[in-house]
Structures are given as C-alpha cells and as structure tokens.
Amino acid sequence: MRKGEWSYSRCRDCGLLSSEPIPSPQQIEEHYRTKFHAGNYETLRRYASQYRHVYEQLANWVAPKPGERILDVGCFTGDLIEVLRSRGADAFGLELQPEAVRIAQERMPGRVFQADVNGSQFPPGPYDTITMMAVIEHVVDPVNFIRRAHSLLVPNGRLLLQTPDASSTLAHVMRSYWPPLAPIEHIHLFTRASMRTLLRDFGLTDVKFRAHVKTLPVGYIYENLNNFGPELRWLFRPIHALLGDAALPFYGGEMLVSAMKS
C-alpha cells in the first residue's frame, strides 16, 4: 500500500501494517523535531486546554486506585500524568521528544524521563499499570517495547494501550486515505489480531478491545488534517466553517486495549 514516497506492507496472517523501509533514527529524530514546532505536536500544544477532555476520558478508562504506581509511556508534555495524579495515582512519564520532556519536567520535577528512538529506555519499576496512549505505532521495535513493559509490571499489573486499529471498518474502507497511514510518524499499525498475538506472546492475558471515540474540537481535527490525511481537508472545510471549535464525538479508527500480566 503506497503512501507518498513510502509503502506499507501487510502481514497475510495477522494484518499488521509495517512501513517500508523502516525509518532511520536520524529520520525519526528530524521528523519529531520539525513536527514539534510546525506540525501535529505544535497543534496539540496549541489546543492543550480543549484537548484536556480527552485525557479526562482516558483517565476514566484507566480508573486509577489511590497510590497506584503508573508509568505513562509517550507522555508528551505530561497532561495525562497530571490528570492521573489529581485522581490519587503516583504517576510518572517517559517521552522521546526533548522539548516535551523539558516542559513536563518543569511542571512535575522528577516525574518525566527521556526515552530513545528505539523505545527501550524505561525508568526503573515496578509499576501497577503502564499506559501507552498513541505510542506503540511510533516504535521501531514493538516486540522489545512490550517485552520491556511486561518486565516492569507487578504480577496482575495492567497494560493499557491506545493505538490505530488497522482492522477497523474505517481503515478497510478508506485504504490509503486512512489518516493514521503517516510514514515516519507511524511505523507499525496493529490489527486486533496482531495486537492480541503480541500481548499473549509475553504472557499478557485477559486482552480486551474497544473502539476509541474522542470528543475533539472541530478546529483541532481540521488543522490536524494537514498532518494526517491532507487530501481530506477540503471535505472537512465546510464543517469547520460552520462549527468552528465546537467539540464533537470523533472516531478515527482507533482502539483501546487492556491486558493483564498473569
């Protein structure tokens, strides 16, 4: 499946979509450096107050217990950590982008750690829960990524993920126009079958899935189409003109995944 100058190959057995070629560490670092200042991460920072509702929704799903030790992998500037801590969790974060790490550390000193491009630099555990919201699709080696997370979970600890669902109806209907097909940004796009296999290979059981519907400002969706699905932006222009930044339920073909370390 072509996407600009890149391709995605699909596994015949499980449906996993993988970028071809895999981007180099230099390409990944340059991509995030550029996007932080003039791309989807700049847009996310600008809409941070309106996007807060998404983190509140995610925290409802996580449902932390008082004192629960949580690691949020791919925490960006730490908004979900703040929400989880406000609900009594002892939450920490791991993030790749240096600028985002600095912002998060200023907000919560000693709580956020710098990651590497391979997703292997995890802070010491153990943790009761590890969250990975919109992160595993960015990782070069998701197998090692899950192996490391599994090793840091306590027995009966939880792994909670949010990621695009390449087996969703939306992904099948839109094909190459599906916005999560974003080279360099998204390297591996999982189906439910491929995610279940990966998690079970590491002894993670009780795997459950649900569609992820977000409440998002129309303006945020419209601007983010510059980064994900620019060929669709013209379709959304009348909606943006009519509704501005009103918040609406939005489904982009993403899934929430929960599993337990047995």
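Derivation of every value follows stated rules applied to the coordinates shown; laboratory data play no part. Remember, predicted model here, so these are calculated numbers, not experimental data. Note that we place each Cβ from the backbone using ideal geometry, even for glycine, and neighbour counts take in every protein chain shown.
Points worth noting:
- Spatially close lysines, pair count over the chain: Cα under 30 Å, gap of eight or more or interchain: 8
- Other residues within the sphere of radius under 11 Å centred on the Cβ of Thr191, judged by their own Cβ, net out at +1 (K and R +1, D and E -1).
- Dipole magnitude of the range 9-75 about its Cα centre (Cβ charges: Lys, Arg +1; Asp, Glu -1), debye to nearest 20: 160 debye
- The Cβ shell under 14 Å around Val112 holds other residues with a net charge of -3, Lys and Arg each +1, Asp and Glu each -1.
- Shape category assigned to the range 147-262 from the gyration tensor of Cα positions, a/c cut at 1.5: prolate
- With the charge dipole of the range 127-262 set up from +1 on Lys and Arg Cβ and -1 on Asp and Glu Cβ about the Cα centre, the Cα lying farthest toward the positive end among the listed residues Gln162, Thr129, Met174 is that of Thr129.
- Overall dimensions of the chain, expressed as equivalent-ellipsoid semi-axes from the Cα gyration tensor (√(5λ), whole Å, largest first), are 26, 22, 18.
- Expressed to the nearest 5 percent, the antiparallel share of DSSP beta bridges inside the chain is 60 percent.
- Net dipole in debye of the range 91-239 [+1 Lys, Arg Cβ; -1 Asp, Glu Cβ; about Cα centre; nearest 20]: 420 debye
- With the helix formula -39500 (n - 2.57) applied to DSSP H stretches of n ≥ 4, the chain reaches a computed 222 nm mean residue ellipticity of -11000 deg cm²/dmol.
- Relative to its residue count, the range 186-225 spans a Cα convex hull of 100 Å³ per residue.
- Cα shape, the range 29-134, gyration tensor, a/c 1.5 rule: oblate
- Here the chain is assigned +1 on the Cβ of each Lys and Arg and -1 on the Cβ of each Asp and Glu. Its dipole about the Cα centre then comes out at about 540 debye.
- Neighbourhood net charge (14 Å Cβ-Cβ; Lys/Arg +1, Asp/Glu -1) for Ile239: 0
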